[in-house]
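The values are calculated or read from the model by the stated rules, or taken from the named source; none is laboratory data. Predicted model, so just to flag it, every value in this text is computed and none were measured. A quick note on method: Cβ atoms are made from the backbone with ideal geometry, for glycine too, and the neighbour counts reach across all protein chains shown.
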Amino acid sequence: MRFIGGGAQSTSAWDLTALLNAADPRAPRPERHLWLTRLLEWLRHDPPRRGSAGATPPALLRLRHLLNVLEQHPQHREAVHGLIQRFWGEVDAAALFAEFGFPHRVALTGELLRRLRERVLPSTPDTTDLAELFPLLFEVEDAEWIEAIDEATLQRLAALMAPRDEVEAAAAEAAAGDLNATPLSAPRWRDTMADAVTLLVSAVHGAGLSPPLRRRMSPALLADEPFRQLTRASERLRDAELAGDRAALLQEAHYLRALLDACRRAADSIEEHLEEFGVSVDIVYDTEQLRQRTLRIERLLDCLVSPGPARELQLLTLQLVQGLHEREGLRSLLTAQYGQLARKMTERSAETGEHYITRDRAEYAAMYRSAAGGGLVMAGTTFLKFAITALGLTAFWSGLLAGFNYAASFVLIMLLHWTVATKQPAMTAPAMAARLRGSHRDEEGFVDEVVHLIRSQSAGILGNLTLVAPVVLAVQALAWGVMDAPLVDAKQATYVLHSLSLLGPTPLFAAFTGVLLFGSSVIAGWVENWFVFNRLDSAIAWNPRIVARLGAARAQRWAAWARANVSGLAANISLGLMLGLTPALAGFFALPLDVRHVTLSTGQLAAAAGALGWGIVGEPAFWWCVAGIVLTALLNVGVSFYLAFRLALRARGLHLKERAHLAAAIRRRIRHRPLSLLVPER
């Protein structure tokens, strides 16, 4: 076997020799497609070298070497060119230009399932659909060397890759001596791109006229009906392309671009409607697909109107290669579509969270009284929890009754306008993130908000514990006096001392409970968004059957009450059920998970002390439980706040660029005015 290229005897020379010898235009289609795949693998064979930042990518150097070899050996050039000609003659390139990166049916669920299927099932090179073949040929990393291709190399590559009809047309123009002359017949790839434009326009036209999107677009932007005009404009563009009328082609392309811009502005107006009336993930997805299709049409128009579109085709290929990551990634798909929903949920939580932040002594006192009322209710919740346990039911039914107990208690506290301290962090975190945008301009203002937040949490926890422990002890003492036995017996009390101890899994369970607290706030935001998006408050107020049953005035009141309390109901009910059912469901899967809620744990410890007597105060086990409750409070609050704060930052697209400065400022405040974290300053 001889060497090609006349250089050193390297492995890459041997590989290229074997590769070029294997180029056979008469081979079966799968073998020809595999040959193209191996050719691109050969190009990217050398990994990037260290210290080569800014240098020519190795794949581009190998591409130049390949072109040099083909120019020096006509027989190999003829074989490669013939193979590429058969490739262009058989593949359906319109599918690549019009459908690659877009689902066949505009639906988020369908696209998610497609990506999962493509991750699991292998693809075949035996296909004429270039959209299916493209991921076999290119990888995301190829974008680097494709973007780096210089003009000279690009022209040499275009001459090798160009379909034969375009080569013949260019030769005819050169023979006529007029480089600007219009060819007698348009090259086949131009017809393919015109077909792709027609397909994309049809998809944009259908999406723009679909009721879910059209109802949410600005009527002013739809006055000229840009979506209805798209089809006629694309047909005129197609006719101009087939006729070879370059002047008409440019005119129709310009008009189509103006329509596409109007369509994008109409699609952008949907976001304003969603911001006010609630977010739908499907509508966000449909809108983004519409916008991306209009941008793809723009890129295809660049290729169609350019006399020598080598550079435009390079940019189109680069866009398609860069889209491989987005096309295949599951996380990128979900992040992009659920980002707006996350932002809306955190904004609604931020509105609620404002009520939990105290900034002066009057608000601090009100928070303390509100939390004390919550502690009173939680005392009753504690005894009901012991009663449910004493029934001896199976784990699921015991957990379900406990969940109903917690949920009913939390809802009662909400309806009485009292507070459970551990519910505050997940609501106040989005409110803090809403102020973070200006933190670099007002660092002290942000630190003030942090101090207000910590102080509010202190007031809430202190208020809960101030009443829950004394009330539980008083009830236990009353039971001793009336029945000569406590409501919670010694056996249950001993179990409490064992389970709440800091020496056991209490820290893990407390942190897990913080996750559940955060989860309830997410559920609350989602339910409220769903309620607003479906306009259920309007339905309650104006539905004829509801009005006939309730009366007009009562229907209006119920609608207003439901709109104001749907988030709180969802948060409290979901949290109660999760606290009750999670241990039972985890036990079904043999996972040793439990919950540790600071207020409930304090009530349980007080009940244990009331059952075992004051002598328990002298036992180390009691103080290990007290330490466990202190850590439970910190973990309940800290974990839920951290998760909610991170979600709020991601939803708003914010980053803590000056995190160190903010942390230093907070440390200075704590060092100089530590009491401000617990008691409001005068």
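Values computed for the structure shown
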{"item": "Selection count where residues are over 30 Å from G568 (Cα atoms), outside any helix (DSSP H, G or I) and in contact with a helix residue (DSSP H, G or I) (Cβ under 6 Å, 6 or more places away or on another chain), scope the range 490-525", "result": "3"}
{"item": "Complete set of residues in the range 131-155 that are surrounded by fewer than 18 Cβ atoms within 10 Å (Cβ to Cβ) and either small (G, A, S) or over 20 Å from T37 (Cβ atoms) (or both)", "result": "E147, A148, D150, E151, A152, T153, L154, Q155"}
{"item": "Members of the range 69-116 found to be basic (K, R), within 39 Å of the chain's Cα centre (by Cα) and either closer than 14 Å to Q289 by Cα or at pLDDT 70 or above (or both), listed by number", "result": "R105"}
{"item": "Some residue of the range 502-510 being modelled with pLDDT of 95 or more and of a type in the set (S, T, Y)", "result": "yes"}
{"item": "Breaking point among (1) more than 26 Å from E144 (Cβ to Cβ); (2) assigned to a helix (DSSP H, G or I); (3) at pLDDT below 90, for R32", "result": "(3)"}
{"item": "Residue selected from the range 275-324 under the condition of a type in the set (D, E) and at pLDDT below 90, by the criterion nearest to E139 (Cα to Cα)", "result": "E288"}
{"item": "Any pair with Cβ under 6 angstrom, 6 or more apart, that starts in the range 6-25 at a residue that is over 15 Å from E41 (Cα atoms) and ends at one that is at pLDDT below 75 and of a type in the set (S, T, N, Q)", "result": "none"}
{"item": "Verdict on V472 being of a type in the set (A, V, I, L, M), within 50 Å of the chain's Cα centre (by Cα) and within 21 Å of A390 (Cα to Cα)", "result": "yes"}
{"item": "Selection within the range 373-401 - closer than 17 Å to V598 by Cβ, under 39 Å from the mean Cα position of the chain (by Cα) and either outside any helix (DSSP H, G or I) or not hydroxyl-bearing (S, T, Y) (or both)", "result": "G373, G374, G375, V377, M378, K385"}
{"item": "S521 being loosely packed, with under 14 Cβ neighbours inside 10 Å, in contact (Cβ under 8 Å) with a residue 12 or more places away in the chain and out of contact with any Leu (no Cβ under 7 Å at 6 or more places or on another chain)", "result": "no"}
{"item": "Qualifying residue in the range 481-499 (condition: in contact (Cβ under 8 Å) with a residue 40 or more places away in the chain and on the phi > 0 side of the Ramachandran plot)", "result": "no"}
{"item": "From the options A203, A196, A258, residue that is among the small types (G, A, S), closer than 26 Å to A158 by Cα and out of contact with any Asp or Glu (no Cβ under 7 Å at 6 or more places or on another chain)", "result": "A196"}
{"item": "Flag if L16 is outside any loop (DSSP other than H, G, I, E, B), touching a helix residue (DSSP H, G or I) at 6+ places or on another chain (Cβ under 9 Å), buried (at least 17 other Cβ atoms within 10 Å of the Cβ) and modelled with pLDDT under 90", "result": "yes"}
{"item": "Residue in the range 603-614 that is within 27 Å of L400 (Cβ to Cβ), among the polar types (S, T, N, Q) and either out of contact with any Pro (no Cβ under 9 Å at 6 or more places or on another chain) or not in a helix (DSSP H, G or I) (or both) present", "result": "yes"}
{"item": "Failed item, numbered, when P544 is tested on (1) farther than 28 Å from N636 by Cα; (2) surrounded by 20 or more Cβ atoms within 10 Å (Cβ to Cβ)", "result": "(2)"}
